[in-house]
Amino acid sequence: MTTNTSTPDLHPGRLQWQSAVITAIVPRTARIKSFFLRLPQPFDFLAGQHVDVRLSAEDGYQAQRSYSIASAPDASGEIELAIERLEDGEVSPFFHDIAVVGDEIELRGPIGGYFVWSIGDAGPIVLIGGGSGLVPLVSMIRHRANQRVNTPFVLLASARTWDDVLYRDELLQYAARQDGFQLVLTTTREGARRPGDFERRIDRQMIASMLACLSQTPRQCLVCGSNPFVEAASQALIAAAVNADVIRTERYG
Amino acid sequence: MATRGFGGRRPPRDTAGRIPPGQSATDGFPVLAATPTPYIPLDQWSFTLKVGPRTVATWNWEQFNALPRTQFTRDIHCVTKWTKLDTIWEGVSIDDLLKAAGLEPPTKFTLAHSYGGYSTNVPIDDLTGGKAMVALRYDGKPLEPDHGGPARLLVPHLYFWKSAKWVNGLQFTQRDEAGFWELRGYHMRGDPWKEERFAGD
């Protein structure tokens with residue numbers, strides 16, 4: 001680690017690679033599995049941050065990818081990554097088809113300090129996630145629940161089907177607490193199952209109806225998913241008179 | 001340490017030497033941005049050159065488009081791990097921009113500023129000498145808003161977060177001042193061949 005005490009500490013220390021151990025693998029949907037990783041050198045992180053993962057072949061060839069942390073910040077020394085299997089992928093098929101409990105995976109983090117939520121950040125908070133774009137948002141929702149704060153949150157989650165909604169049952173449980181967390185689902189390839197849910201791609205009317213769940217204008221909107229999804233959602237927020245300055249986006253690309 | 005069971009996918013031999021460590025080639029053109037895409041009407045667009053707080057030159061869209069044009073075909077490298085080969089750009093080189101303003105670089109450092117509040121720092125030596133431009137066209141067409149249009153900075157030899165989308169100004173600074181991502185732990189220079197992703201790399 002290189003530290004120069006004479007320069008202002010704009011950057012906390014260097015991000016060191018470490019070998020984490022897979023302690024559990026849990027299927028979440030048909031295409032997404034959670035990988036629980038024990039960190040030999042645990043780090044503090046903010047809900048919404050990600051890690052870089054590095055896989056090495058025998059001959060020294062390496063591939064790196066970024067994955068958002070799904071777990072909430074805590075003292076367990078473990079993090080959860082929820083990884084979607086991309087058919088033409090190089091790294092995600094390794095996780096889905098080859099990795100087993102006990103394997104060592106190199107990673108470093110935390111990375112990214114903008115697409116985050118801390119318990120001190122006032123609400124209402126609007127979260128909009130498409131597919132695996134839900135992962136960093138779930139870290140925030142779990143953090144809110146663990147810390148027992150009642151900051152108003154509304155989550156609009158879009159998925160192909162009811163069974164493709166990542167962390168669906170856990171999210172339904174949080175919503176049932178009626179403690180200020182509201183959940184709106186939209187499924188693009190099958191019908192809505194709950195009153196107030198939708199059955200189409202995200203659009204302006206849907207966003208307006210979600211904003212109507214809130215008693216005030218949102219203080220922060222966090223939108224994550226594919227680029228077309230994020231563009232549609234963020235432009236719909238702007239059309240609904242949300243200030244662009246309070247919209248933060250994370251696009252998978 | 002090798003990862004058990006990982007073989008990896010190698011780039012074809014003819015391009016292997018053009019893919020920096022940890023990167024993989026893509027045929028697509030992924031879009032990444034921390035904010036919603038701003039849609040800037042061309043009649044409201046402007047580009048400002050500053051030395052510290054002082055404005056040295058301002059161009060509107062028409063004036064900017066009248067500046068000499070440069071074309072680049074370059075490989076680009078995003079810190080999110082994708083590399084895109086042979087991308088074709090057209091715009092105004094920073095050399096021509098400074099010439100039009102009659103300005104010799106007064107300091108060694110700059111901050112690029114963008115609509116939407118983004119900023120990134122680039123040393124002037126990485127911008128001049130034919131290395132960088134304000135790009136107006138990509139692949140023969142006006143630059144799309146989600147790729148940074150109407151205009152983006154293009155510094156293809158550094159990680160692509162340095163190529164600020166929606167750029168509207170370049171400011172000389174006395175010191176190397178961190179921009180948006182650099183304040184959040186990303187590297188001050190960002191050379192993909194040295195894998196300068198994060199502070200300390």
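The values are calculated or read from the model by the stated rules, or taken from the named source; none is laboratory data. What you see is a predicted model; the values in this text were computed from it and never measured. Neighbour counts are summed over all protein chains in view; Cβ atoms, including those assigned to glycine, are modelled from backbone coordinates with ideal geometry.
Of note:
- Selection count where residues are in a loop (DSSP other than H, G, I, E, B), facing chain B (nearest Cβ under 8 Å) and of a type outside the set (Ser, Thr, Tyr), scope segment A:97-124: 6
- Selection of segment B:1-20 for residues being within 7 Å of chain A (Cβ to nearest Cβ) and of a type outside the set (Val, Ile, Thr) yields B:Met1, B:Ala2, B:Arg4, B:Gly5, B:Phe6, B:Gly7, B:Gly8, B:Arg9, B:Arg10.
- Per the conditions (1) under 19 Å from the mean Cα position of the chain (by Cα); (2) surrounded by 14 or more Cβ atoms within 10 Å (Cβ to Cβ); (3) away from chain A (no Cβ under 14 Å), the sole criterion not satisfied by B:Ala100 is (1).
- Comparison of A:Phe94, A:Phe36 shows that the only residue that is within 9 Å of chain B (Cβ to nearest Cβ) and of a type in the set (Phe, Trp, Tyr) is A:Phe94.
- Residue among A:Ala212, A:Ala175, A:Ala192, A:Ala208 that alone is farther than 22 Å from B:Asp146 by Cβ, surrounded by fewer than 14 Cβ atoms within 10 Å (Cβ to Cβ) and either more than 11 Å from every other protein chain (Cβ to nearest Cβ) or not charged (D, E, K, R) (or both): A:Ala212
- Residues (within 13 Å of another protein chain (Cβ to nearest Cβ), part of a loop (DSSP other than H, G, I, E, B) and in contact (Cβ under 8 Å) with a residue 40 or more places away in the chain) located in segment B:160-188: B:Lys165, B:Trp166, B:Arg175, B:Asp176, B:Glu177, B:Ala178, B:Gly179, B:Phe180, B:Trp181, B:Met188
- Being at the interface with chain A (Cβ under 9 Å from one of its Cβ atoms) and at pLDDT 95 or above holds for only one residue in B:Trp45, B:Trp82, B:Trp59, and it is B:Trp82.
- Within segment B:153-180, the residues that satisfy the criterion of being over 24 Å from B:Thr87 (Cα atoms) and not basic (Lys, Arg) are B:Gln171, B:Phe172, B:Thr173, B:Gln174, B:Asp176, B:Glu177, B:Ala178, B:Gly179, B:Phe180.
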